[in-house]
Amino acid sequence: MAENFQERIAKLRQEIVRHDRLYYVDNAPEISDGQYDSLFAELKELEAERPELVTADSPTQRVSERPIDGFASIRHAAAMLSIDNTYNADELRKFDERVRKGLESDDFEYVVELKIDGLAVNLRYEEGKLVSAATRGDGAVGDDVTSNVRTIRAVPLSLAGVGWPGVLEARGEVYMPKKSFARLNELRQEAEESLFANPRNAAAGSLKLLDPRITAGRNLSFFAYATGQVSEGLADNHYDSLMAFKKLGLAVNPNVQKAKNINEAIEICAGWHERRYELDYQVDGMVIKVNRYDQQSILGSTGRAPRWCISYKFPAERAKTVVTSIDVQVGKSGILTPVANFEPVQLAGTMVKRASLHNFDEVARLDVREGDSVLIEKAGEIIPQVVEVLKDERLDGSKALELPVECPNCHGAIARDENGVYIRCLNPECGGQFKELLKYFAGRDQMDIENLGASLIEQLVDVGLVKNFADLYKLTKEQLTALERMAEKSADNVIKAIEKSKAQPLWRFLAALGIRHIGSQSAQILAEHFGSLQAIRDADEETLAGVDQIGPVMAKSIYDYFRNADSVKIIDELLAAGVKAEHESMRKSDVLVGKTIVVTGTLETMTRDQAKQAIVEAGGKVSSSVSKKTDYVLAGKEAGSKLDKAVALGVTVIDEQQFIEMIG
Ligand code: IVH
């Protein structure tokens with residue numbers, strides 16, 4: 001039975017909200033990202049056809065279409081207080097004594113939570129709808145960040161269930177998961193933008209962007225941990241309020257625990273010292289709260305922080321070590337990066353031996369030298385960095401690092417980027433640069449050539465067997481076995497892995513080329529948009545820059561790359577060697593291969609986008625205009641000029657039923 005239009009829209013919204021909830025609140029997703037995206041795409045399509053049916057709380061309305069002018073202020077209905085910190089068990093026991101004294105009783109329990117390292121926001125729901133979101137600011141007045149917070153899928157635009165209070169303020173932490181943080185910094189590095197020091201700064205920076213479309217791409221998330229103003233209380237204690245939050249569709253951290261007394265609370269805190277590294281997000285400590293609200297009121301607050309709540313901060317995860325040497329490495333785009341090597345030291349769950357010093361301005365700022373004792377930290381618990389040089393411990397006669405005068409690898413000329421911090425090797429034939437580029441090409445996120453490791457790549461380049469990407473595909477088993485430490489079996493495996501990589505899809509191939517500013521994310525966008533390598537090669541700068549999320553800098557970089565005679569020659573050689581570079585991520589059958597189809601009019605059992613997707617999945621090509629080259633026109637109801645043109649040109653017209661039979 002075909003649903004009517006409005007029913008389908010309502011159903012899709014309900015499903016999307018349900019899946020958001022399964023993912024963020026219940027931690028139990030039922031569908032893949034791809035399936036989610038297709039529900040979303042269908043809803044968008046339907047709403048585009050009937051804009052009058054769009055509501056503010058539709059999942060498609062999370063991201064506003066244009067940037068905002070600035071951030072207005074919001075005065076908090078109830079002050080947003082801070083929390084006092086403690087750093088050890090003794091201080092926690094003192095807190096407990098104060099609580100017992102204040103309550104004149106031992107009859108109370110604690111709730112112990114993770115202290116999420118992000119930034120606090122107050123979400124205000126009126127009649128179940130999200131009406132505003134504000135940062136803490138000075139505690140009394142914060143910034144109105146509603147447009148940006150609406151883009152966070154863990155924040156429901158409407159409360160679930162029934163029986164919510166007319167006014168409900170939920171407070172919680174907006175945070176950026178560790179992986180998203182590392183990925184964001186990777187992309188920023190690729191784009192040669194400044195890096196965020198930690199996930200908290202990244203989250204704060206992302207909430208303070210004027211363009212919610214960019215915030216939407218930052219993968220922020222949210223956990224609720226307190227109430228602000230409420231017209232009717234949800235429960236008489238904190239723990240039950242959190243459980244009620246969950247029922248209303250608000251994401252609550254799953255690791256909330258009750259503790260009967262301070263010893264139990266201390267034990268829970270201690271348990272998280274090491275386990276915190278297993279979490280997907282960064283936590284900087286624990287928060288301990290008296291559970292019952294009546295007891296919280298008795299304890300009250302100092303102007304700054306409540307007396308019923310305390311944070312236990314994990315010891316700053318820093319390690320002291322010695323810089324044994326500073327290397328200068330040349331990267332795949334020629335950038336010279338100073339890297340500090342350390343005496344190995346254990347930090348945040350792993351052994352650390354080196355850290356990038358990013359660029360020579362950073363070396364000068366830190367004034368870090370060989371032989372120095374330094375303190376290191378891990379940004380986002382992942383990326384090791386030097387945070388401080390212990391100058392008091394500096395050895396006599398130490399010398400500041402000199403700026404390089406030539407490429408440490410090829411000894412070619414170098415130059416500092418115009419207005420930039422990077423120093424670059426200018427030699428396009430620099431072997432060091434090429435080795436890095438080749439490692440990147442073969443890497444897991446690119447062509448994924450399993451048995452082609454870093455040391456083999458170095459050998460292949462050093463002996464002159466591989467001078468460009470295409471040479472890889474010309475390697476023979478005999479050439480490989482002639483190399484040092486290369487047995488016949490390994491040589492076979494390498495050849496097989498190289499052979500296998502020929503079938504990698506277009507986006508991986510594009511990403512593998514190492515075009516400046518183009519990482520795997522932008523490569524995927526380009527592949528999806530253009531559908532073939534040829535179309536990307538042919539595109540002019542304006543067309544490229546017009547693609548969603550591909551800015552002018554990327555567009556110029558791609559355009560220039562495909563106009564460079566050397567790159568073009570190598571790409572043609574790669575294709576001639578059998579590298580396919582086909583966009584096939586969506587292909588499910590071959591029944592429409594070689595066919596170009598135009599879709600027009602209103603279809604009954606599917607939207608036009610679904611029909612287009614089905615065409616692509618069957619290997620066909622979708623076109624928006626009818627010409628002699630069009631194989632079929634799929635015409636629904638009220639098809640207009642495209643149908644007329646098809647008839648005039650003698651192009652075969654098919655209806656929905658025929659189309660469905662065709663694609664099976
Ligand atoms: S409760 C009055 N619970 O830590 C108490 N705060 O250092 C309100 N934070 O401003 C806050 N995780 O941004 C609470 N589970 C948690 C938390 C948490 C992180 C943040 C919050 C607060 C800051 C204080």
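The values are calculated or read from the model by the stated rules, or taken from the named source; none is laboratory data. Every value quoted in this text rests on a predicted model; they were computed, and no experiment measured them. Positions of Cβ are generated from backbone atoms using ideal geometry, with glycine treated the same way; all protein chains shown enter the neighbour counts.
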**Q.** Scan of segment 292-311 for residues that are in contact with an Asp or Glu (Cβ under 8 Å, 6 or more places away or on another chain) and either free of Cβ contacts under 8 Å to residues at least 60 places away in the same chain or away from the ligand (no atom under 11 Å from the Cβ) (or both), ordered by number
**A.** ARG292, TYR293, ASP294
**Q.** Only listed residue being outside any helix (DSSP H, G or I) and touching a helix residue (DSSP H, G or I) at 6+ places or on another chain (Cβ under 9 Å), chosen from ASP26, ASP20
**A.** ASP26
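Is at least one residue of segment 532-546 in a loop (DSSP other than H, G, I, E, B), over 27 Å from VAL593 (Cα atoms) and under 19 Å from the mean Cα position of the chain (by Cα)? Steps first, please.
Restricting attention to segment 532-546, the residues satisfying the condition of being in a loop (DSSP other than H, G, I, E, B) are 532, 539-540, 546.
Okay, now just the ones that are also over 27 Å from VAL593 (Cα atoms), so 546.
With under 19 Å from the mean Cα position of the chain (by Cα) added as a condition, the list becomes none.
Within segment 532-546, none of the residues are in a loop (DSSP other than H, G, I, E, B), over 27 Å from VAL593 (Cα atoms) and under 19 Å from the mean Cα position of the chain (by Cα).
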Q) In segment 624-664, how many residues are under 13 Å from ILE597 (Cα atoms), among the small types (Gly, Ala, Ser) and buried (at least 17 other Cβ atoms within 10 Å of the Cβ)? A) 2
Q. So ASP327 clears everything in (1) in contact (Cβ under 8 Å) with a residue 12 or more places away in the chain; (2) within 16 Å of the ligand (Cβ to nearest atom) except one condition, right? Which one?
A. (2)
Q.
Against the definition (hydroxyl-bearing (Ser, Thr, Tyr) and either out of contact with any helix residue (DSSP H, G or I) (no Cβ under 7 Å at 6 or more places or on another chain) or at pLDDT 90 or above (or both)), how does SER532 come out, yes or no?
A. yes
Q. Restricting attention to segment 16-41, which residues are without any contact (Cβ under 8 Å) to a residue 40 or more places away in the chain and surrounded by fewer than 12 Cβ atoms within 10 Å (Cβ to Cβ)?
A. ALA28, GLU30, SER32, ASP33, GLY34, ASP37
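Quick grid of which residues meet (1) surrounded by fewer than 12 Cβ atoms within 10 Å (Cβ to Cβ); (2) touching a Lys or Arg at 6+ places or on another chain (Cβ under 7 Å):
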{"site": "GLU381", "(1), (2)": "no, yes"}
{"site": "LEU395", "(1), (2)": "yes, no"}
{"site": "ASP417", "(1), (2)": "no, yes"}
{"site": "ARG424", "(1), (2)": "no, no"}
(Q) Just the residues that are of a type outside the set (Ser, Thr, Tyr), touching a Leu at 6+ places or on another chain (Cβ under 8 Å) and surrounded by 19 or more Cβ atoms within 10 Å (Cβ to Cβ), please, taken from segment 120-149. (A) VAL121, LEU123, ARG124, GLY128, LEU130, ALA133, ARG136, VAL145, ASN148, VAL149
Q) So which pairs qualify, if the first residue must be in segment 148-172 and over 19 Å from VAL17 (Cα atoms) and at pLDDT 95 or above, the second must be acidic (Asp, Glu) and part of a loop (DSSP other than H, G, I, E, B), the Cβ gap must be under 8 Å, and the two must be at least 6 apart or on different chains? A) PRO165/GLU232; GLY166/GLU127; GLY166/GLU232
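Scan ALA89, ALA72, ALA56 and give me the residue that is out of contact with any Asp or Glu (no Cβ under 6 Å at 6 or more places or on another chain), small (Gly, Ala, Ser) and under 28 Å from LEU209 (Cα atoms). Show your work before the answer.
Values: ALA89 fails: under 28 Å from LEU209 (Cα atoms); ALA72 fails: out of contact with any Asp or Glu (no Cβ under 6 Å at 6 or more places or on another chain).
After applying the criteria, what remains is ALA56.
Output the residues belonging to segment 444-455 that are surrounded by fewer than 18 Cβ atoms within 10 Å (Cβ to Cβ) and within 20 Å of VAL330 (Cβ to Cβ). I'd like the intermediate steps shown before the answer.
Within segment 444-455, the subset surrounded by fewer than 18 Cβ atoms within 10 Å (Cβ to Cβ) is 444-445, 448, 450-451, 453-455.
Matches in segment 444-455: GLY453, ALA454, SER455.
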Q) Can you list the strands (runs of 3 or more DSSP E) found entirely within segment 380-475 that contain at least 2 residues being touching a residue at least 60 places away in the same chain (Cβ under 8 Å)? A) 383-389, 423-425
(Q) Out of LYS332, LYS320, I need the residue that is assigned to a loop (DSSP other than H, G, I, E, B) and either within 10 Å of the ligand (Cβ to nearest atom) or out of contact with any Cys (no Cβ under 6 Å at 6 or more places or on another chain) (or both). Which one? (A) LYS332
Q: State whether the residues of segment 42-55 include one that is surrounded by 15 or more Cβ atoms within 10 Å (Cβ to Cβ) and closer than 25 Å to VAL252 by Cβ.
A: no
Q. Within segment 505-525, is there a residue that is part of a helix (DSSP H, G or I), surrounded by fewer than 16 Cβ atoms within 10 Å (Cβ to Cβ) and more than 20 Å from the chain's Cα centre (by Cα)?
A. no
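The rows are residues; the columns are (1) more than 16 Å from the ligand (Cβ to nearest atom); (2) of a type in the set (D, E, K, R); (3) surrounded by 16 or more Cβ atoms within 10 Å (Cβ to Cβ).
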position	(1), (2), (3)
GLY172	no, no, yes
LEU184	yes, no, yes
SER194	yes, no, no
LYS208	no, yes, no
PRO212	yes, no, yes
SER221	no, no, yes
HIS238	no, no, yes
ASN253	no, no, yes
LEU279	no, no, yes
Q: For segment 149-166, state whether one or more residues are assigned to a helix (DSSP H, G or I), under 30 Å from ALA379 (Cα atoms) and away from the ligand (no atom under 12 Å from the Cβ).
A: yes
Q) Out of segment 404-419, which residues are touching a strand residue (DSSP E or B) at 6+ places or on another chain (Cβ under 9 Å) and over 18 Å from CYS430 (Cβ atoms)? A) none
Q | Where a residue in segment 56-74 is closer than 19 Å to ARG218 by Cβ and its partner, wherever it lies, is basic (Lys, Arg) and in a loop (DSSP other than H, G, I, E, B), with Cβ under 7 Å and at least six apart | A | ARG62/ARG150
Q.
Could you check segment 240-269 and list, in sequence order, the residues that are free of Cβ contacts under 8 Å to residues at least 12 places away in the same chain and hydrophobic (A, V, I, L, M, F, W, C)?
A. MET243, ALA244
